[in-house]
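Just so it is clear, none of the values below were taken in a lab; they were calculated from the coordinates. Because the structure is predicted, anything quoted here is derived from the model rather than measured. Cβ placement follows ideal geometry from the backbone for every residue including glycine, while neighbour counts extend to all protein chains displayed.
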């Protein structure tokens, strides 16, 4: 009898293994190039979440297929095309920045493979797209949050906006901030332009100093923001500074900016020092600390939730590799208690979620408050 039971057990085990399969999630990130730091931070979230949740409820294994876009639009498009055509992934996470993500939204729709953008905030990302969703808020929300904070909390009435004209993200959020701030009754003294990769901002900042603004709005990435902080201090500019989620996302902002960045404010997607309001946020923060010996990077939190959204959607499908079914269930997600907070998707695939506001103190981001939609 024992032999019969053993045989039956082995047969069940065999058939269970034979029916379990592998489902693929594609990932397109800048693992090298000028945006490499952002991509590496983003991948940490996906990699760790995959270790914490490597299988679906039916026993299928989730495999991550990572491709490096080398920080470029063409490489991003090529990687996306390979993932859907050759690797036959059921969903894709990518590609950090708005400019690169915009290069692949059409490919996602054409091939009916869901694309989830963890941190691409430009309003055009999901516009008219049935297979593109995002975990982050949009520039329209973040720009309005920034304007409200500047006017109502910081009591700024005169503002200079500095925009990176090579960056779709910076252009979009600057436009929203200007509109919202003027609507509140504030005055935009000037809009100055820089280009990603610039290193000397003294001429622009000297002009800004003469305008005597209450606040300078800088919605762009860490390297340029750090240099502006240093050169502003050298010039004796006393205005407050407010940035967006790209400003303090990389260590270079703190290491290069040094004490010049103290007192800078930013709107952000996530704060490592904010209260952990969901069970998953607590579990992930503990696992991240153990794995990487530091607090959760905002981009890692967002990409972990992108992974969670896909796994959640796959679990609701009879065939988890069916990208059409996966997309349908992604778009249906409401009140998901994720790593970065509670998230719902609207009918356009945009996340309805909160923003946080941080201030830099002693060379570190410190949580100030949460702004709900």
Between residue 81 and residue 366, the two model label points (7 Å from Cα along the beta-carbon direction) sit apart by a distance in nm of 5.1
Inter-probe distance in nm under a simple model that places probes 7 Å from Cα toward Cβ, at residue 279 and residue 157: 5.2
What's the percent breakdown of Cα-Cα distances in the range 305-373 across 10 Å bins, shortest bin first? 19, 39, 24, 13, 5, 0
Label model pair residue 184, residue 74: point-to-point distance (7 angstrom along the Cα→beta-carbon line) in nm is 4.3
Using only the alpha-carbon atoms of the range 196-235 as identical scatterers, what base-10 log of I(q)/I(0) does the Debye formula give at q = 0.25, 0.26, 0.30 Å⁻¹? -0.90, -0.97, -1.21
Full extension from residue 315 to residue 262: what is 0.36 nm times the residue separation minus their Cα-Cα distance, to one decimal in nm? 14.6 nm
Mean ellipticity per residue at 222 nm, deg cm²/dmol - from DSSP H runs of n ≥ 4 across the chain, formula -39500 (n - 2.57): -13500 deg cm²/dmol
Sorted largest first, the Cα spans of the chain on the principal axes come out in Å as 91, 40, 35
Using alpha carbon positions and the Kirkwood radius, the Rg to Rh ratio of the range 140-268 is 0.92
If every alpha-carbon in the range 259-313 counts as one equal scatterer, what log10 I(q)/I(0) does Debye give at q = 0.12, 0.15, 0.24 1/Å? -0.34, -0.51, -1.04
Relative to the longest principal axis of the C-alpha atoms of the chain, give the angle of the C-alpha long axis of helix 139-148, reported between 0 and 90° and rounded to the nearest 10°. 40
Return one number: the angle in degrees, 0 to 90 and rounded to the nearest 10, between the long axis of the Cα atoms of helix 222-235 and the longest principal axis of the Cα atoms of the chain. 20
For a label point 7 Å along the Cα-to-beta-carbon line of residue 212, residues of the range 170-189 with backbone N under 20 Å: 186-189
For the chain, the longest principal axis of the Cα atoms and the Cα long axis of helix 279-292 enclose an angle in degrees, to the nearest 10, of 80
Here D for the range 57-203, in µm²/s, from Stokes-Einstein with a Kirkwood Rh over Cα pairs at 20 °C and 1.002 mPa s, works out to 125
